[in-house]
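The values are calculated or read from the model by the stated rules, or taken from the named source; none is laboratory data. None of the values given here were measured: they were computed from a predicted structure. Cβ placement follows ideal geometry from the backbone for every residue including glycine, while neighbour counts extend to all protein chains displayed.
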Amino acid sequence: MTEPAQHRLYHQAGEQFAPAIARLSKAMERDPERARDLEQDIHCELFRSFARFDGDCSLKTWVYRVSHNVAAEHRLRASRHPKPVSLDEIDTLPEPGNAERAAAESLAVARAHSLIRALPTLDAQVMLLWLEGETGTDIADVTGLKPGAVATRVHRLKALLSSKFDAPTKEYDDD
């Protein structure tokens, strides 16, 4: 592919899918700085990938496939080097409790992201694509699963996440 065509495709992909890439990054990475790094890594790899884009799939499928592959690699690298939470960061972690409505919604989103981050990578990718409103066929194209397997996986993951989400969180006493 010519360099101008590569630039054109990247620009088009950025206009259409940058918000979805940002959401993916934030869902896969709790730390805002690391989420921005992941987002940047996705954009860099996306640009490089257009040199080998042959149009066999839609632009959307290509963008999601590259994005999710980079995110999966990011998770794999991070799992090899777990980062403990520093004392300075403890105050920024979401806490359950009697918060105002906005805080409760923020906690709910943080909890959902936390639950999704705890899933195996492929399951997390399927759920994030489903939450983005993608069809089973599109998710199958991105992940390499069959559409029926995607439907089954989404159903099971929704039930699992719902049960985990509704489960009470532990509160610790200061004993």
Can you spot a residue in the range 42-62 that is surrounded by 15 or more Cβ atoms within 10 Å (Cβ to Cβ), under 27 Å from A112 (Cβ atoms), within 13 Å of the chain's Cα centre (by Cα) and of a type in the set (S, T, N, Q)? no
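Yes or no, residue by residue, for (1) farther than 19 Å from M28 by Cβ; (2) acidic (D, E); (3) at pLDDT 90 or above:
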| site | (1), (2), (3) |
| --- | --- |
| A102 | yes, no, no |
| I116 | no, no, no |
| D123 | no, yes, yes |
| L157 | no, no, yes |
| L161 | no, no, no |
| D175 | yes, yes, no |
Return the total of residues in the range 132-170 being aliphatic (A, V, I, L, M) and closer than 17 Å to A72 by Cα. 4
Close pairs from the range 107-118: first under 12 Å from L161 (Cβ atoms), partner surrounded by fewer than 17 Cβ atoms within 10 Å (Cβ to Cβ) and modelled with pLDDT of 80 or more, Cβ under 6 Å, at least 6 apart: L115/K164
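Any residue in the range 92-99 that is within 21 Å of L145 (Cα to Cα) and either modelled with pLDDT under 75 or surrounded by 11 or more Cβ atoms within 10 Å (Cβ to Cβ) (or both)?
Step one: list which residues in the range 92-99 are within 21 Å of L145 (Cα to Cα), which gives none.
Scanning the range 92-99 turns up no residue that is within 21 Å of L145 (Cα to Cα) and either modelled with pLDDT under 75 or surrounded by 11 or more Cβ atoms within 10 Å (Cβ to Cβ) (or both).
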